[in-house]
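See below for the structure under consideration.
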Amino acid sequence: MARVRTVTAVSANLIQLPGPLKEQLVVVALGDVPTTGWSHIRLSPRDYIAPPADGIWDFDFIGDEPTEAVGQVILPVAAEIIVPYPAWCMGVRVHSASNNITANVAPVAATLLASAANAQAARDLVPAIHRQIIASFDDSFQPTGRTKFDPWPHLEMKKLHHELEFVVEGPDEQKIKDCVARAAAAGLIAAIIAAFATCGAAVPAAISAFLAALQNCLGNDFTVRIDNHSHWEYWWT
C-alpha cells in the first residue's frame, strides 16, 4: 500500500439520506500513478482523538502497488468515499505522495435523471378512476462508479426509489374519495406509511387491513389494488 503519485483535483459534497444515516459526506479525488499495475485505488480517512482546530478532515489517496513487471507510464486514477458527516468538518484535505489539495464541503445540487414525472406518465397509460401514492422511501444509496470533471470532480450517485400506489376503478369517483377519507381517518393509511418506510414485516398486514376496509366501503362495483413501483434515480454530486 502506498500513496498515489499526485492528487490533481478534490471535491467534497453532502448528500441527505433518510432515516438515521442522515447527512453523508461524498469525497471524490482525481490523481495519477507513476506506472501500470496499481490496484484498489481508494481514499483512507484519518481518525482523530479530538476534532482538528481548522475543521479540515485529512484523507490519504492510496492504492496497492504493482508486484510484477510494469510499464513506466503516468496513468490517471480516481477514487471516491462516502462517510458519515461530522458536524465539525468544514472541508477535506487529500494527500498524495507529492502534494495535497483542500476542498471546502459543499451541499449537493442534485439533478435527477429519472424523474417522478416520467414514472407517473408510464402509470397514466393504465386507465383508472383514482390513483394515489400513499407511501414512498429510498434505499440502496451508492455510487455508480462514474466520475466527471467540469472543472471539479463529481461523482454519479444512484438510489432505488419505492412507491406504494393504490388504484381504484369504479363508477362513482365521489364515493371513492369518501371511502378513502374514511380509511385515512381510521389510521389505516398511516399504518401502511409507517410499516413501508421501515421495510417492516407489518407491511402485508397493514395493506390487507386497508384494502379490506376500502372494499367493504365501496362494494362490489369497485376494484381496489395496491401497486409497488421501484425505479433507480441518478444524480451528480
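Amide H contacts of V33: R5, L75, V77, each under 5 Å away and 5 or more positions distant or on a separate chain (H built 1.01 Å from N in the peptide plane; Pro and chain starts excluded).
For the pair H231 and W152, what calculated FRET efficiency results from E = 1/(1 + (r/R0)^6), where r is the Cβ-Cβ distance and R0 = 30 Å, to the nearest 0.05?
Numbers: r = 29 Å, r/R0 = 0.96.
FRET efficiency, W152 to H231: 0.55.
If the cut-off is a Cα-Cα distance under 18 Å, which aspartates and glutamates reach K175, setting aside same-chain residues fewer than 8 apart in sequence? In chain and number order, the partners are D221.
Could you sort 27-34, 138-145, 73-80 so that the peptide with the highest average Cβ count within 10 Å comes first and the rest follow in order? Intermediate values should be presented prior to the final figure.
Numbers: 27-34: 23.6, 138-145: 12.6, 73-80: 16.6.
Result, highest mean first: 27-34, 73-80, 138-145.
Give me the aspartates and glutamates in straight-line cross-link reach of K158: C-alpha distance below 17 Å, same-chain residues under 8 apart excluded. Within the straight-line cut-off, K158 pairs with E23, E80, D138, D139, E233.
For segment 52-66, putting each phi into the Karplus relation 6.51 cos²θ - 1.76 cosθ + 1.60 with θ = phi - 60° gives couplings of x, 4, 8, x, 9, 9, 8, 10, 9, 8, 10, x, 8, 5, x Hz, in residue order, rounded to whole numbers and with x for Gly and Pro.
Bear in mind these aren't lab numbers, they're just calculated from the coordinates by the rules spelled out. From a predicted model like this one, the values you see are computed outputs, not experimental measurements. Methodologically, a virtual Cβ is constructed for each residue, glycine included, from the backbone with ideal geometry; neighbour enumeration extends over all protein chains shown.
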